[in-house]
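S.K.: Here it is, the structure in full.
The values are calculated or read from the model by the stated rules, or taken from the named source; none is laboratory data. Quick caveat: nothing in here was measured; it's all calculated off a predicted structure. When we count neighbours, we look across all protein chains shown, and the Cβ atoms used for this are built from the backbone with ideal geometry, even at glycine. Remember, those area values only see protein heavy atoms, side chains included, never the ligands or the DNA or RNA. Shrake-Rupley method; radii C 1.70, N 1.55, O 1.52, S 1.80 Å.
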Amino acid sequence: MSVSAVPETYRNAVISHLMIDGAAAAIDFYTRAFGAEELFRLDGPDGRIVHAEVRIQGSTIMLGDAEGPLFRAPTAVGGTTVGLHVFVDDVDTLAHRAAAAGAELVQPPTDQFHGDRTTILRDPFGHVWVFLTRLEDLTPDEVARRARELFH
């Protein structure tokens, strides 16, 4: 049976819109660290990025310079409440590349009970990324069984 590195369920997921202090620098970092492709950007008159979009292995992510008080960067609030999950073809290569570019390796690539190999990275702008490569296609019942075995 052939396993798809990016499950169809997650191919067209919710699009994240990151608020960043220093969006232009973040785009440069995402290009170096994650192999992102810049799709476009709208610069404001003050040089800040009003809106931009990048693509990481088919996943589109929106971003721009933070505009408080509604939208604030993780660095402004001392953390983040969102983890960004992106399925990629080779999580090991991406983790190595990202760490070399300056991402903090929170969790090295590890095979998980849910059938994915994952790594967790924190970018220099405070966002937490979970990159995954699908290893096995499992039913929800099989994932639940494995979770019970692991956590009990």
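S.K.: State the volume of the convex hull built on the alpha-carbon positions of segment 24-73, expressed per residue in Å³ and rounded to an integer.
M.R.: Roughly 72 Å³ of hull volume per residue.
S.K.: Considering only DSSP states other than H, G, I, E and B, which GluC sites (Glu not before Pro) in segment 9-100 qualify as loop sites with at most 14 other Cβ atoms within 10 Å?
M.R.: Passing sites in segment 9-100 are GLU67.
S.K.: If the viscosity is 0.692 mPa s and the temperature 37 °C, what translational diffusion coefficient in µm²/s does Stokes-Einstein give for the chain when Rh comes from Kirkwood over Cα pairs?
M.R.: In µm²/s, the coefficient is 199.
S.K.: Using a Gaussian network for the chain with springs between C-alpha atoms less than 10 Å apart, which of these wobbles most: GLY22, GLY44, GLY64?
M.R.: GLY44
S.K.: Sort 101-109, 89-97 for me by packing, meaning the mean count of neighbouring Cβ atoms within 10 Å per residue, highest on top.
M.R.: 89-97, 101-109
S.K.: Taking the Cα centre of the chain as the origin, how large is its charge dipole in debye, to the nearest 20, when only Lys and Arg (+1) and Asp and Glu (-1) carry charge on their Cβ atoms?
M.R.: I would put it at about 220 debye.
S.K.: Could you do me a favour and compute the accessible area per residue for the chain, 1.4 Å probe, result in Å²?
M.R.: Spelled out: the 1.4 Å probe surface of the chain, per residue, equals 56 Å².
S.K.: Take every DSSP beta bridge with both residues inside segment 6-89 and express the antiparallel ones as a percent of the total, to the nearest 5.
M.R.: 75 percent
S.K.: Can you pull the percent of segment 47-98's accessible area that's carbon plus sulfur, 1.4 Å probe, other chains left in place?
M.R.: 54 percent
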